[in-house]
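To start, the structure under review is shown below, and the notes come after it.
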Amino acid sequence: MKRVIDLRSDTVSKPGPEMRRAMYEAEVGDDVFGDDPTVNRLEAVAAEVMGKEAALFVPSGTMANLVAVLAHTRPGDELILGDESHIFNYEVSGAARIANVQTHALKNTPEGLLHPAEVAAAVRPPNIHNPVTSLLCLENTHNRCGGAALPVTAMDELAGVAHERAVKVHLDGARIFNAQAALGVPAARIARDCDSVSFCLSKGLGCPVGSVLCGTPAFVELARRNRKMLGGGMRQAGVLAAAGLYALEHNVECMAEDHANARRLADTFRSYEAFSPNVPQTNIVVVDIVRGSVSGWLEAFAAEGILAVAFGPRRIRFVTHINISAEDIADVAVRVKRAVLAVAV
C-alpha cells in the first residue's frame, strides 16, 4: 500500500508531539463558569493578535460565523455576502434557519472581492417594506476563489462602504494567517476595520479542534450567550485551548512553506495539458480539468495514494498544510505522472 498524501484540506492535519504534550499538560477548569485558565489565556492572546478587545473560543468556524451573525443582527434583518463565500455555501443555511436573517449574495470577483459600488447599492434604504441591512460578511483568505488573499486596501474600502451606511462588518478569517503570510501584513491590520473577526485553529495552524471569534467586550458577551444557546459551551476545554496557544506561538511561521509547496504542486499540474491550475497565493490549489472527468481523476489520484476533493463539475481542490513537506510534493509529482500515464488522456 502506498503512503497516503492527504491534500483534501488543511483540516486533515494532525497535532505533532509538542502540541500533544501541551494539551496533556494543560491546566483546566470549567469554561462555562469562566474559570478555565488555559481558555482564558487563549482568548486574551487571540484578541491581542487580532487587534481586538475580547475573544471567544468556540468548537468550529461554522459556529464562530453563526454566533457572530446572531450577535450583529436581529431576526428579519438582511446580511450582504459573496456568492462564493463559505457562509453562503457551506454552513447549512444557519444564518437563515437559526439567525432568521435574509442573505443577499453579491457576485464575488475571481479574486474573492466584492465591488464596493455593488455593496453600497445592496444596502437597503429605510422603508417599511424593506428588511434592515445590518451586516456585511467578508472572507479572507477566500476558499472558493482559490485561497485568494484580499488586499488590505480592498478590505478597508469595503468596510468603509458598510460603516458609512451603519452596517457592521464580520470577517470570516478562517485562514487569516495565510493571508498574513501572503500579504506580509499582520492579521490585526487585515481585520482592523472589521467589527468582528473569526479564525480557525484547526486549519493552517494545525490544531485538532476549534476557532476563535474576536470583537468588542459587549459583542463577545452576546456571542458567548449565543454559543451557549447553540450547545457550544465547553467545560474542561483547556485541553483544546492549549493546542491553540501552542499553534499561535509556533505554527504561524510554517504557512510560508505551505504556500511554497502549493506553488510547486500547481507547477506539477501545469506541465500536463489535461489540467489548468490556478497560480496559488496561499495554500489552495484549484485545478480545472481540461481533459477527462473529475471523478476519473480523483480515482486515478486515489489509486496513487493522493487524496483531493471535487470543487465543482470541472474542478479539483488540493490544499497543502503543516503535515505536508516539500519532499511530499516531490513525491506527488511522481505519482501524478503515473496517474496521467494510467488515464492516458
Exercise for the section: State, to one decimal in nm², a quarter of the convex hull surface area for the C-alpha atoms of region 269-326, i.e. the direction-averaged projected area. Expected result: 4.2 nm²
Handout entry: trypsin sites (Lys or Arg not before Pro) lying in DSSP loop within region 291-330, provided at most 15 other Cβ fall within 10 Å
Key = Arg291, Arg314
Exercise for the section: Taking each pair of different alpha-carbon atoms in region 154-212 once, compute 1/r for the pair, average those values, and report the inverse of that mean as the Kirkwood hydrodynamic radius in Å to one decimal. Expected result: 12.1 Å
Exercise for the section: Could you let me know the centre-to-centre spacing of region 15-57 and region 263-311, using Cα atoms, in angstrom? Expected result: 37 Å
Handout entry: Nearest-ten-degree value, helix 61-72 long axis tilted from longest Cα axis of the chain
Key = 20 degrees
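Hand me the GluC sites (Glu not before Pro) from region 1-103 located in a DSSP loop with no more than 15 other Cβ atoms within 10 Å, in residue order please.
Passing both the DSSP loop test and the Cβ count: Glu25, Glu27, Glu53.
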Handout entry: Per-bin percent of Cα-Cα distances, region 191-342 [5 Å]
Key = 2, 8, 14, 17, 14, 11, 11, 10, 8, 4, 1, 0
Fill in the blank from the handout: Going fewest to most other Cβ atoms within 10 Å around each Cβ, Ile98, Ile190 line up as Ile98, Ile190
Fill in the blank from the handout: Correct semi-axes for region 63-216, from √(5λ) of the alpha-carbon gyration tensor and rounded to whole Å with the largest first, are 24, 17, 13
Handout entry: Ellipticity estimate at 222 nm from DSSP helix runs (n ≥ 4, -39,500 (n - 2.57)) divided over the chain, nearest 500
Key = -12500 deg cm²/dmol
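What list do you get for Thr282, Thr268, Thr153, Thr11 if you sort them by fewest beta carbons within 10 Å?
By the 10 Å Cβ count, ascending: Thr153, Thr11, Thr268, Thr282.
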Problem - Using alpha-carbon coordinates, inclination of helix 152-164 to the longest axis of the chain, degrees - result: 30 degrees
Problem - Positive dipole terminus of region 24-182, leading residue within Pro75, Phe57, Thr38 (C-beta point charges) - result: Pro75
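Roughly how big is region 17-250's charge dipole about its Cα centre, with Cβ charges of +1 (Lys, Arg) and -1 (Asp, Glu), in debye to the nearest 20?
Computed charge dipole of region 17-250: roughly 360 debye.
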Problem - Whether region 1-88 is rounded, prolate or oblate, judged on the alpha carbon gyration tensor where a/c under 1.5 counts as rounded - result: oblate
Problem - Gaussian network model of the chain, springs between alpha carbon atoms under 10 Å - residue of Gly16, Gly112, Gly206 with greatest fluctuation - result: Gly16
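Among Ile87, Ile289, which comes first, then next, by fewest other beta-carbon atoms within 10 Å?
So the residues, fewest neighbours to most, are Ile289, Ile87.
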Exercise for the section: On a 0 to 90° scale, report how tilted helix 294-303 is relative to the longest principal axis of the chain, with both axes built from alpha carbons and the result rounded to the nearest 10. Expected result: 70 degrees
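Throughout, read-outs are computed from the coordinates displayed, never taken from laboratory work. The structure displayed is predicted, hence computed values, not measured ones. Reconstructed Cβ throughout: ideal geometry from the backbone, glycine too, with neighbour counts over all protein chains shown.
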